[in-house]
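**Q** Take this structure first; my questions come after.
The values are calculated or read from the model by the stated rules, or taken from the named source; none is laboratory data. Treat the numbers as computed from the prediction; the structure is a model and nothing was measured. Note: ideal-geometry Cβ built from the backbone for every residue, glycine included; neighbour counts use all protein chains shown.
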C-alpha cells in the first residue's frame, strides 16, 4: 500500500475522505504523520496520518 500522506506538503490541497462536507483544505504542515489542514468549512484540523489517508486535490 502506498502512503499518499507522505507526498503531502504545505500549500497542497486535500479532501478528507470521511468528511467531504468540510470542503477542500490546504495543508499547513506535515510532521511525523500529523497533518495540519485548514478546511474552509471546518477550520484548522490536525489529522493522524496513520489512521486517515487524505485525498490530494490537484485542481482545486
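**Q** Considering only residues of the stretch 27-58 that are assigned to a strand (DSSP E or B) and touching a residue at least 40 places away in the same chain (Cβ under 8 Å), which is farthest from residue 4 (Cα to Cα)? I'd like the intermediate steps shown before the answer.
**A** Quick first cut of the stretch 27-58, residues assigned to a strand (DSSP E or B) only: 27-31, 34-39, 43-48, 55-57.
Filter once more, keeping what is touching a residue at least 40 places away in the same chain (Cβ under 8 Å): 55-57.
Numbers: 55: 8, 56: 8, 57: 12 Å.
Checking each candidate, the answer is 57.
**Q** Something else about it: Taking the options 43, 25, name whichever one is at pLDDT 95 or above and out of contact with any strand residue (DSSP E or B) (no Cβ under 7 Å at 6 or more places or on another chain).
**A** That would be 43, the only listed residue that is at pLDDT 95 or above and out of contact with any strand residue (DSSP E or B) (no Cβ under 7 Å at 6 or more places or on another chain).
**Q** Can you tell me which residue in the stretch 47-60 is modelled with the lowest pLDDT, limited to those that are surrounded by fewer than 11 Cβ atoms within 10 Å (Cβ to Cβ) and touching a strand residue (DSSP E or B) at 6+ places or on another chain (Cβ under 8 Å)?
**A** Taking the stretch 47-60 and keeping what is surrounded by fewer than 11 Cβ atoms within 10 Å (Cβ to Cβ), we get 48, 51, 58-59.
Add one more test, that the residue is touching a strand residue (DSSP E or B) at 6+ places or on another chain (Cβ under 8 Å), and what stays is 48, 58.
Numbers: 48: 95, 58: 90.
The selected residue is 58.
**Q** Please go through (1) loosely packed, with under 10 Cβ neighbours inside 10 Å; (2) touching a strand residue (DSSP E or B) at 6+ places or on another chain (Cβ under 6 Å) for residue 31 and return the number of the only condition it doesn't satisfy.
**A** For residue 31, the exception is condition (2).
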